[in-house]
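S.K.: Structure provided below as structure tokens; questions to follow.
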Amino acid sequence: MTERQEIDGVGQSAAGASAAGRLYGVGVGPGDPSLITVRAAELIGRADVIAYHCARHGRSHARAIAERYLTGGQIEEQLMYPVTVETTDHPGGYRGALDDFYQEASDRLAAHLDAGRMVVVLAEGDPLFYGSYQHMHKRLAHRYPTEVVPGVTSISAAAARLGTPLVEAEEVLTVIPGTLPEEELTARLAGTDSAVIMKLGRTFPAVRRALERAGRLDEARYVERATMEGERTGRLAEIEADSVPYFSVAVLPSRVAALDSDGKPFEALAVEGGELPDGEPALGEVVVVGTGPAGPLWLTPEARGALANATDLVGYTTYLDRVPVRAGQVRHGSDNKVEGVRAEFALELARRGRRVAVVSSGDPGVFAMATAVLEAACQDPYRDVAVRVLPGMTAAHAAASRAGAPLGHDYAVISLSDRLKPWEVIARRLRAAAEADLVLALYNPGSKSRTTQVGSARDLLLEYRDPATPVVMARDVGGPTERVRTVALAELDPAEVDMRTLLLIGSTQTQWVQRGGDREVVWTPRRYPED
């Protein structure tokens, strides 16, 4: 069969009987009829049957867009939704009512296809992008020859009408339905570079609150009826909720530095030189961000958003290297032993108006940068600089998850580093925790310059614990050289422990169980036996 015969949809079999018709899902674009593709216009003009979805009022945006391409002699199938946002007494509820409708609508189209007719289902935008056509496609495409003709989406139209890039370089675009719960909206918006939020209308107040909570409201743009009559664009923060129709979207455009009026990229503000060009410095903000023990999989959406929103990143170079490079951001890496200097530097940047993210491994409040920043922030001249601390997955919790659930009951977290406190204090705390029969999470157990602490801690704990007490040795959890294994306390070898290792030492109740093959699990019961 030639392409023309396929388009006509009325090809004959060798015996002369009518062949089955052909189904087309045709995207008609966002609103302007001139944005319909050549292929779409050709198919609309040749169709035997034109089908389109509509609400109870009977008006179809898709049909209105395609009207100039209709011949006037075609069969029209109006597929009217029984419900849209209202309630229903259908025994299956709202979803049940729609499922029945989609089945009835597809049966109507199947009757035309069985009669050998060419059926075009019109879809505003693109047929497979939040489109009603997809429900027909799922029910019919496996039974009849089918073609989907893509259309210009509302996303592309909105970006074009705003005249601003959506994504650039390695930025990620997230498409979010406004019907999601507000908490979920907030998390998604905080954790992405660029975004388009669909299905506004009655969801607009929740979307606006989510943008504000995610710290993205100032960036957000609003587009209503893109390319249609009555089109409106503007800053989303200035839009009145009661004026927002369903056919509108919120856009968070590209964060890559914009161009100035001369077409040159804005340069990052130099921090050397004292004050901003306009005199008195405007206060910025310091956000201390917990990135988890390793890699982006351990990063919360809130932390991801703070890193993306910062003008400056400050941190230990090893941890800073885990954060993706973004155009326009300034990165300030330093050695691991200058926490106080790093904290004051970040606060000084913020005092000059910068949005600063201090990068901290794990959770910033657990043997990490939050304390150093807050200590400096409580001194002049930084008392008025805003400081926030965003939590992260701790190394102890990450290690515990790999082993099973060794922290299932009360536990203590102790650093074995005696660089900032004397060993006598560490030993006293180890002894107290051991006497209390707490599981222990031991941070900073050893390094090239500290080689005795692990052995001393082991010997001390053996005074209170059985030699067979399980010890989880977790090194580089989440990283490329991760190694997690369990040994008996008496067999703990200090030579196998370094700064990238975390130790979890069980209580008298902690279980170390072989579960088949070479699989083993360590867990501490939540119920503690009575004396």
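The values are calculated or read from the model by the stated rules, or taken from the named source; none is laboratory data. Bear in mind that the values here come from a model prediction, so they are computed numbers and not experimental data. Ideal geometry is used to build each Cβ from the backbone, glycine not excepted, and the neighbour counts take in all protein chains shown. Calculation scope for accessible area: heavy atoms of the full protein, side chains included, ligands and nucleic acids excluded. Shrake-Rupley method; radii C 1.70, N 1.55, O 1.52, S 1.80 Å.
S.K.: Could you please state, rounded to a whole Å, how far the C-alpha centre of the stretch 447-492 is from the C-alpha centre of the stretch 176-193?
M.R.: Each part reduced to its Cα centre gives a spacing of 42 Å.
S.K.: Nothing charged except the Cβ atoms of Lys and Arg (+1) and of Asp and Glu (-1): what's the magnitude of the dipole of the stretch 419-507 about its Cα centre? Round to the nearest 20 debye.
M.R.: Values: 13 positive and 12 negative charges, 84 e Å.
The calculated dipole for the stretch 419-507 is roughly 400 debye.
S.K.: Using heavy-atom solvent-accessible surface (probe 1.4 Å) with all chains present, what is the largest-first order of ARG475, ARG209?
M.R.: Working: ARG475 70, ARG209 115 Å².
Putting ARG475, ARG209 in descending order of accessible area: ARG209, ARG475.
S.K.: Considering only DSSP beta bridges with both partners in the chain, what is the antiparallel share in %, to the nearest 5? Walk me through the numbers before you get to the answer.
M.R.: Working: 34 of 84 bridges.
Looking only at bridges with both residues in the chain, the antiparallel portion is about 40 percent.
S.K.: Let me ask you something else. Given a Förster radius of 25 Å and the C-beta distance between LYS448 and VAL487 as r, what FRET efficiency does 1/(1 + (r/R0)^6) yield to the nearest 0.05? Intermediate results must be reported in sequence, preceding the final value.
M.R.: Working: r = 22 Å, r/R0 = 0.89.
Once rounded, the FRET efficiency stands at 0.65.
S.K.: Oh, and also: Would you kindly find the accessible area of PHE101, with a 1.4 Å probe and non-protein molecules such as ligands, DNA and RNA excluded, rounding to the nearest 10 Å²?
M.R.: Taking all protein chains as shown, PHE101 has close to 20 Å².
S.K.: Can you grab the distance from the C-alpha centre of the stretch 287-327 to the C-alpha centre of the stretch 53-119, Å, no decimals?
M.R.: Each part reduced to its Cα centre gives a spacing of 48 Å.
S.K.: Explain nothing, just compute: Karplus ³J(HN,Hα) = 6.51 cos²θ - 1.76 cosθ + 1.60, θ = phi - 60°, for every residue of the stretch 359-373 in order, whole Hz, x for Gly and Pro.
M.R.: Working through the residues one at a time gives 8, 9, 5, x, 9, x, x, 10, 6, 9, 6, 4, 4, 4, 5 Hz.
S.K.: Using a 1.4 Å probe, how large is the accessible area of TRP512, given in Å² and rounded to the nearest 10?
M.R.: Estimated to the nearest 10 Å², TRP512 gives 90 Å².
S.K.: Report VAL167's accessible area, 1.4 Å probe, all protein chains in place, as a number in Å² to the nearest 10.
M.R.: Solvent-accessible area, nearest 10 Å²: 70 Å².
S.K.: What value, in deg cm²/dmol to 500, does the helix sum -39500 (n - 2.57) over DSSP H runs of n ≥ 4 give at 222 nm once divided by the residues of the chain? Numbers along the way, then the final one.
M.R.: On the way: 15 runs with 145 residues, N = 531.
Theoretical 222 nm ellipticity from helices: -8000 deg cm²/dmol.
S.K.: Can I ask one more? Let's test the formula: R0 of 22 Å, r as the Cβ-Cβ distance of MET499 and ASP335. What FRET efficiency results, to the nearest 0.05? Walk me through the numbers on the way to the answer.
M.R.: Details: r = 14 Å, r/R0 = 0.63.
Approximately 0.95, to the nearest 0.05.
S.K.: Positive end of the dipole of the stretch 59-131, charges at C-beta (+1 Lys, Arg; -1 Asp, Glu), about the Cα centre: which of ALA110, GLN74, ALA123 has its Cα farthest in that direction?
M.R.: GLN74
S.K.: How large is the charge dipole for the chain, taken about the Cα centre, if only the Cβ atoms of Lys, Arg (+1) and Asp, Glu (-1) carry charge, to the nearest 20 debye? Present the calculation step by step, with values, prior to reporting the outcome.
M.R.: On the way: 58 positive and 72 negative charges, 122 e Å.
Using only the charged Cβ atoms, the result is roughly 580 debye.
S.K.: Now for a different question. Considering the options SER254, TRP423, ALA169, tell which one lies farthest towards the positive end of the dipole of the chain, charges being +1 on Lys and Arg and -1 on Asp and Glu at the Cβ, about the Cα centre.
M.R.: Checked the options; the winner is TRP423.
S.K.: Moving on to the next point. Whenever you get a sec, line up CYS378, CYS54 from highest to lowest accessible area (probe 1.4 Å, protein heavy atoms). Intermediate results must be reported in sequence, preceding the final value.
M.R.: Numbers: CYS378 75, CYS54 5 Å².
The ranking, largest first, comes out as CYS378, CYS54.
S.K.: Right, here's the next one. Using a 1.4 angstrom probe with every protein chain in place, what is the largest-first accessible-area order of HIS409, HIS397, HIS53? Spell out each step's value before the answer.
M.R.: Details: HIS409 50, HIS397 85, HIS53 25 Å².
These residues rank, largest area first, as HIS397, HIS409, HIS53.
S.K.: If you don't mind, there's one more thing I want to ask. Say each of ASP107 and ALA237 gets a label point 7 Å from the Cα, pointing the same way as Cα to Cβ; how far apart are those two points in nm?
M.R.: Output for this residue pair reads 5.4 nm.
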